[in-house]
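K.L.:
I have a structure here, written as structure tokens, and I will follow up with some questions on it.
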Amino acid sequence: MVSPGLYIGRGVEECVTMTKILRWAVLALVASGSVWAQDKKSPLVGPIVYLWEKGAPLAQGDDEKDKPNISVYLAPEEKANGAACVVCPGGGYGFLAKDHEGHQVAQFFNSIGVSAFVLSYRLAPRYHHPCMMLDVQRAIRTVRARAAEWKVDPNRIGVMGFSAGGHLASTAVTHFDDGKADAEDIIEKAGCRPDFGVLIYPVIVLDKPYTHQGSRKNLLGDKLNDAELNEDLSTEKRVTAKTPPCFLLHTSGDTGVPPENSIDFYLALRKAKVPAELHIIEKGQHGFGMSSKDPVLMTWPDRLAAWLGSRGLLKKG
């Protein structure tokens, strides 16, 4: 049994083809008692939902790249427990790794009864902060406002992100509001505080030697040297007692986004007495997503499922 909290394991080899992923799922289920494997049936993918019908704030055009949206993956009815999660793929704020950090993640969530909403947020060089933050906040509001329609619990809506998407998710759990009661737009009436956060090899800090400079440059654009903005978006500095419980995963072998990013955020959560779980696996490259066949690293979704279950997030309500 793996104890909660800090987890140190061994080994990783990145695997990116679907054939290997399917083989990984079978091996995980048989060899390690994994709680999930990809379903034979496709996930229940709903329509792409644009976050603003009349155009996003600060939009610079009317192309697809100007229209942030969510892809809806509703959990199968026989498995659905009411929990939901907005998923933010990584890509350095310059592109979106929507397969192994989006589609496959939604498949995993569906397998444990959680509905997933994969976010396509705006990107550099066309867009910079605050557009990405506005997009993730609007995605959370949208899921909460349409909870009855999608049969999810408005009090069990989380956010998950990988790499730069992890920074965006960490922004969502540290920058939020209760909604605008007097708003004409019903979605804006909904609060954007997530009920839980999942940060996978996240970019966190913007002002330390282990900052991921590519993500920082794409996020801030011409405000790269704005000290106040760097401070505000170094999200470990914005953790408070109101930050929701978080699960974090990193590897010691990550040279792209060093694990100090997750460690700093975890320590800030601990200082604020926010429930949190941190897993540091010994070996592993950055960006593995759901696509590892390593016998240790492949079990991380089990750790996440166990954490979600321990918090009562997987109970049918």
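The values are calculated or read from the model by the stated rules, or taken from the named source; none is laboratory data. Keep in mind it's a predicted model, so treat the numbers as computed, not measured. Methodologically, a virtual Cβ is constructed for each residue, glycine included, from the backbone with ideal geometry; neighbour enumeration extends over all protein chains shown. Note: areas computed on protein heavy atoms with side chains; ligands, DNA, RNA excluded. Shrake-Rupley method; radii C 1.70, N 1.55, O 1.52, S 1.80 Å.
K.L.:
Would you kindly identify the strands (runs of 3 or more DSSP E) lying entirely within the range 52-167 that contain at least 2 residues that are polar (S, T, N, Q)? Show your work before the answer.
P.N.:
On the way: elements: 69-74, 84-88, 115-120, 157-162.
The strands (runs of 3 or more DSSP E) meeting that bar are 69-74, 115-120.
K.L.:
Select, from Lys217, Lys180, the only residue that is in a helix (DSSP H, G or I) and either modelled with pLDDT of 95 or more or open to solvent by 20 Å² or more (accessible area, probe 1.4 Å) (or both).
P.N.:
Numbers: Lys180 fails: in a helix (DSSP H, G or I).
Every option except Lys217 fails the conditions.
K.L.:
Residue under question is Tyr121, and the condition is that it be surrounded by 16 or more Cβ atoms within 10 Å (Cβ to Cβ), of a type outside the set (S, T, N, Q) and without any contact (Cβ under 8 Å) to a residue 24 or more places away in the chain; does it hold?
P.N.:
Details: surrounded by 16 or more Cβ atoms within 10 Å (Cβ to Cβ): yes; of a type outside the set (S, T, N, Q): yes; without any contact (Cβ under 8 Å) to a residue 24 or more places away in the chain: no.
It is false that Tyr121 is surrounded by 16 or more Cβ atoms within 10 Å (Cβ to Cβ), of a type outside the set (S, T, N, Q) and without any contact (Cβ under 8 Å) to a residue 24 or more places away in the chain.
K.L.:
If you don't mind, another one. Just to be sure before I move on: is Gly9 at pLDDT 95 or above, assigned to a loop (DSSP other than H, G, I, E, B) and open to solvent by less than 50 Å² (accessible area, probe 1.4 Å) in the structure I sent? It would help to see each step written out before you state the result.
P.N.:
On the way: at pLDDT 95 or above: no; assigned to a loop (DSSP other than H, G, I, E, B): yes; open to solvent by less than 50 Å² (accessible area, probe 1.4 Å): yes.
The answer is no for Gly9.
K.L.:
Among the residues of the range 264-284 satisfying the criterion of being in contact with a strand residue (DSSP E or B) (Cβ under 7 Å, 6 or more places away or on another chain), assigned to a helix (DSSP H, G or I) and open to solvent by 10 Å² or more (accessible area, probe 1.4 Å), which is farthest from Pro89 (Cα to Cα)?
P.N.:
This residue is Arg270.
K.L.:
May I ask you to list the residues in the range 73-89 that are of a type outside the set (A, V, I, L, M, F, W, C) and either touching a helix residue (DSSP H, G or I) at 6+ places or on another chain (Cβ under 7 Å) or open to solvent by 20 Å² or more (accessible area, probe 1.4 Å) (or both)?
P.N.:
Looking only at the range 73-89, we keep the residues that are of a type outside the set (A, V, I, L, M, F, W, C), and these are 73, 76-79, 81-82, 89.
Passing the criteria: Tyr73, Pro76, Glu77, Glu78, Lys79, Pro89.
K.L.:
Criterion first (touching a residue at least 40 places away in the same chain (Cβ under 8 Å), β-branched (Val, Ile, Thr) and touching a Lys or Arg at 6+ places or on another chain (Cβ under 7 Å)) does Thr174 satisfy it? So that I can check it myself, show each step before the final result.
P.N.:
Details: touching a residue at least 40 places away in the same chain (Cβ under 8 Å): yes; β-branched (Val, Ile, Thr): yes; touching a Lys or Arg at 6+ places or on another chain (Cβ under 7 Å): yes.
The answer is yes for Thr174.
K.L.:
Then there is this: Taking the options Gly61, Gly55, Gly92, name whichever one is in contact with a His (Cβ under 8 Å, 6 or more places away or on another chain) and over 16 Å from Arg144 (Cα atoms). Before the answer, list the steps.
P.N.:
Working: Gly61 fails: in contact with a His (Cβ under 8 Å, 6 or more places away or on another chain); Gly55 fails: in contact with a His (Cβ under 8 Å, 6 or more places away or on another chain).
When all the criteria are applied, what remains is Gly92.
K.L.:
From Ala164, Ala106, Ala84, Ala148, which residue is free of Cβ contacts under 8 Å to residues at least 12 places away in the same chain and aliphatic (A, V, I, L, M)?
P.N.:
Numbers: Ala164 fails: free of Cβ contacts under 8 Å to residues at least 12 places away in the same chain; Ala106 fails: free of Cβ contacts under 8 Å to residues at least 12 places away in the same chain; Ala84 fails: free of Cβ contacts under 8 Å to residues at least 12 places away in the same chain.
Exactly one of Ala164, Ala106, Ala84, Ala148 is free of Cβ contacts under 8 Å to residues at least 12 places away in the same chain and aliphatic (A, V, I, L, M), namely Ala148.
K.L.:
Residues Gly287, Gly253: which one is outside any strand (DSSP E or B) and under 19 Å from the mean Cα position of the chain (by Cα)?
P.N.:
On the way: Gly253 fails: under 19 Å from the mean Cα position of the chain (by Cα).
Among Gly287, Gly253, only Gly287 is outside any strand (DSSP E or B) and under 19 Å from the mean Cα position of the chain (by Cα).
K.L.:
Considering only the range 109-118, state which residues are in contact (Cβ under 8 Å) with a residue 40 or more places away in the chain, out of contact with any helix residue (DSSP H, G or I) (no Cβ under 8 Å at 6 or more places or on another chain) and open to solvent by less than 10 Å² (accessible area, probe 1.4 Å). Break it down into steps so the answer makes sense when it comes.
P.N.:
Restricting attention to the range 109-118, the residues satisfying the condition of being in contact (Cβ under 8 Å) with a residue 40 or more places away in the chain are 110-118.
Subsequent filtering for residues that are out of contact with any helix residue (DSSP H, G or I) (no Cβ under 8 Å at 6 or more places or on another chain) retains 110-111, 113.
Within the range 109-118, Asn110, Gly113 meet the criteria.
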